[in-house]
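Asker: Questions regarding the structure given below will be posed in turn.
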Amino acid sequence: MMERFSASIGFDWMLYEQDIEGSKAHAEMLCRIGVLSANEKEVLVNALEDIKTEIRDGEFAFSSALEDIHMHVEARLIEMTGEVGKKLHTGRSRNDQVSLDMRMFLKRELIEISEGLRTLLMTLIARAEQEQRTIMPGYTHMQRAQVVTFAHYLLAYYYMFKRDLGRIKTVQEGVDVLPLGSGALAGSTIPLDREFVRAKLGFSRVSENSMDSVSDRDFIVEAIFAAAMVMIHLSRLSEDLIIFSTEEFGFVSLPDALCTGSSLMPHKKNPDSLELIRGNTSRVVGDLFSIFTLLKGLPLTYDRDLQEDKEPLFHAIGTVKDAVSIMDLCIKGLTARKERMETAVYESFMPAVEMAEYLTVK
Ligand code: ARG
């Protein structure tokens, strides 16, 4: 029961590429400083490559007897190379290793999220260009307030997602730090060449305080926060579009591929995709609560509690990537029902503000 309770392999296997790339850089550095011979380094790097292929091709045997991805890779390495395999972990701890893996993973994922957001921004602009003359009611308190265009409305969300993109850039700067060399908490007496590893793995800076490095999860909080903000914006847009697509409003018609029918009522077209974006937002906000609560009151330095940082992060990242793509398809595919929007404008007293302003200026 303890093995099962303790294992993180069920989710941290996702870090295998980063774990192996990090280990290859570490092996090369150990060779540079004379801890490994050139031949030993070759053996290790080649075996690590083979392990990566095994995992990618689904030929690797995972077991909860080995706690995490780091132990799995190391155990297999020793199985393949014998005594040499045991030298790889010299000057390294899983505490700096796991932080490295998470940072490398996030670097890649944040680029992907940014790309998705950029696509959505372009889609919103393209849609807004088509809807410059589509007038509709703008709402405050959910009451018809003033006349706007559908383009104006869509670009409001453009600016939200543009801010999100800026936020992600800030997160990327925080992530871009090499923790390796911090060891378990106190660094190492071996003269590790951190600068070499930094350049090899493409980090901008090396961390400066080893005790901070192994316990720091600020970058994960920031990444989840950025993801949660994107979800909040997507959720608000979803709510708007769900309302606008009702028979009562009828302002938009959603793409069929993103809706479902009912098992009982043949006339129904349900906006499931948008409801699920709205629903999943609660779980991503929950991820933010999880990571905050995890860190509160955690003594320095590494504590095993920190293993619990991964599932909230993976969940938040996976969800936001999917949700951004779904929303992009939705905006691309939705039909603006211009006559319905116009009728809503002309049926109301909304132009009263403009008339009052006209008279005031007069
Ligand atoms: N599975 C652990 C985690 O994800 C790896 C680090 C373990 N370190 C340790 N000192 N037990 O956090």
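The values are calculated or read from the model by the stated rules, or taken from the named source; none is laboratory data. No experiment lies behind these values; they were computed from the predicted model shown. Counting neighbours? That spans all protein chains shown, and the Cβs are built from the backbone with ideal geometry, glycine included.
Asker: State all residues of the range 236-283 that are part of a loop (DSSP other than H, G, I, E, B), of a type outside the set (A, V, I, L, M, F, W, C), under 23 Å from ALA151 (Cα atoms) and touching a strand residue (DSSP E or B) at 6+ places or on another chain (Cβ under 8 Å); if no residue qualifies, say none.
Answerer: Kept after step one, since they are part of a loop (DSSP other than H, G, I, E, B), are these residues of the range 236-283: 245-251, 254-255, 259, 261-269, 271.
Now drop any that are not of a type outside the set (A, V, I, L, M, F, W, C), which leaves 245-248, 250, 255, 261-263, 266-269, 271.
Filter once more, keeping what is under 23 Å from ALA151 (Cα atoms): 245-248, 250, 255, 271.
Within the range 236-283, just SER245 meets the criteria.
Asker: Would you say ALA7 is in contact with a Leu (Cβ under 9 Å, 6 or more places away or on another chain), more than 24 Å from LEU313 (Cβ to Cβ), surrounded by 14 or more Cβ atoms within 10 Å (Cβ to Cβ) and of a type in the set (Gly, Ala, Ser)? Walk me through how you get there before you give the answer.
Answerer: Values: in contact with a Leu (Cβ under 9 Å, 6 or more places away or on another chain): yes; more than 24 Å from LEU313 (Cβ to Cβ): no; surrounded by 14 or more Cβ atoms within 10 Å (Cβ to Cβ): yes; of a type in the set (Gly, Ala, Ser): yes.
Considered against the rule, which asks whether it is in contact with a Leu (Cβ under 9 Å, 6 or more places away or on another chain), more than 24 Å from LEU313 (Cβ to Cβ), surrounded by 14 or more Cβ atoms within 10 Å (Cβ to Cβ) and of a type in the set (Gly, Ala, Ser), ALA7 comes out as no.
Asker: Just one of the numbered conditions (1) assigned to a loop (DSSP other than H, G, I, E, B); (2) more than 26 Å from ALA27 (Cβ to Cβ) is not true of ALA186; which one?
Answerer: All conditions are met except number (2).
Asker: Next question. Among the residues of the range 295-346, which ones are polar (S, T, N, Q), in contact (Cβ under 8 Å) with a residue 40 or more places away in the chain and more than 16 Å from the ligand (Cβ to nearest atom)? Break it down into steps so the answer makes sense when it comes.
Answerer: Taking the range 295-346 first, the residues polar (S, T, N, Q) are 301, 307, 319, 325, 335, 343.
In the following step, the residues that additionally are in contact (Cβ under 8 Å) with a residue 40 or more places away in the chain were identified as 301, 307, 319, 325, 335.
Passing the criteria: THR319, SER325, THR335.
Asker: Just to be sure before I move on: is THR134 modelled with pLDDT of 95 or more, away from the ligand (no atom under 16 Å from the Cβ), β-branched (Val, Ile, Thr) and surrounded by fewer than 20 Cβ atoms within 10 Å (Cβ to Cβ) in the structure I sent? Write out each step before concluding.
Answerer: Details: modelled with pLDDT of 95 or more: yes; away from the ligand (no atom under 16 Å from the Cβ): yes; β-branched (Val, Ile, Thr): yes; surrounded by fewer than 20 Cβ atoms within 10 Å (Cβ to Cβ): no.
For THR134, the condition - modelled with pLDDT of 95 or more, away from the ligand (no atom under 16 Å from the Cβ), β-branched (Val, Ile, Thr) and surrounded by fewer than 20 Cβ atoms within 10 Å (Cβ to Cβ) - is not met.
Asker: Determine which member of the set PHE292, PHE251 is farther than 25 Å from MET229 by Cα and touching a residue at least 24 places away in the same chain (Cβ under 8 Å).
Answerer: Working: PHE292 fails: farther than 25 Å from MET229 by Cα.
Only one candidate passes the filter, namely PHE251.
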